[in-house]
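Everything on this sheet refers to the single structure shown next.
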Amino acid sequence: MANNTFVQLEQYRRKVAALEQKLTQQKKRLAQLPGKMGFKSMSDFIAALQSITVAPKAVKVAGKAKKTRKRAKITAEVIAKVKALVVKNKTGNEIAKEVGISLPSVGNIKKKLGLVRAKK
C-alpha cells in the first residue's frame, strides 16, 4: 500500500515538473510577442491592445440594443394616487398607465392597502 502511494507521488511530481516546464516556455513566448509584433516594449503592446478593445456596453446583441426601463419610485404620493383611482373603480391597467408604474406594482400597492378582493 505504501509502495503504491510512493509510485503515485512520483507520477504527480513528474506531471508537476512537466507543467512547470510548459509554463516557462509559455512565459518566454509571451515575453517575445511584443517584439514579433513590432512594438518596443510590453507596455506599448498592452496600450495598443487596450486601444482596440470594444467596451462591453457598446456591443449590440443580434443587431438590437436592449432598452432598459428605469424603476419607478413608489412614493406616498404614488400610493395615494393608486388608492384614489381604485376608489373610482379604475382597472389595474388604467391605473398603471395613468400613474406610470407597472401592473404588478399596482397589485402590490393594492395588497398593501388591503384593497384586494379575496379569492373565492
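Here are a few things to note about the model shown:
- Restricting attention to segment 37-51, the residues being without any contact (Cβ under 8 Å) to a residue 12 or more places away in the chain and either β-branched (V, I, T) or in contact with a Pro (Cβ under 8 Å, 6 or more places away or on another chain) (or both) number 5.
- Looking only at segment 69-114, and only at residues there that are surrounded by 13 or more Cβ atoms within 10 Å (Cβ to Cβ) and outside any helix (DSSP H, G or I), the one that is nearest to the chain's Cα centre (by Cα): A72
- The residue of segment 15-45 that is farthest from the chain's Cα centre (by Cα), among those that are assigned to a helix (DSSP H, G or I) and of a type in the set (S, T, N, Q), is Q21.
- When residues in segment 68-108 are screened for being among the basic types (K, R) and under 24 Å from A118 (Cα atoms), 4 of them pass.
Every number here is computed from the coordinates shown, using simple stated rules; none is lab data. What you see is a predicted model, and the numbers here were worked out from it, not measured in a lab. Please note: Cβ atoms are built from the backbone with ideal geometry, for glycine as well, and neighbour counts cover all protein chains shown.
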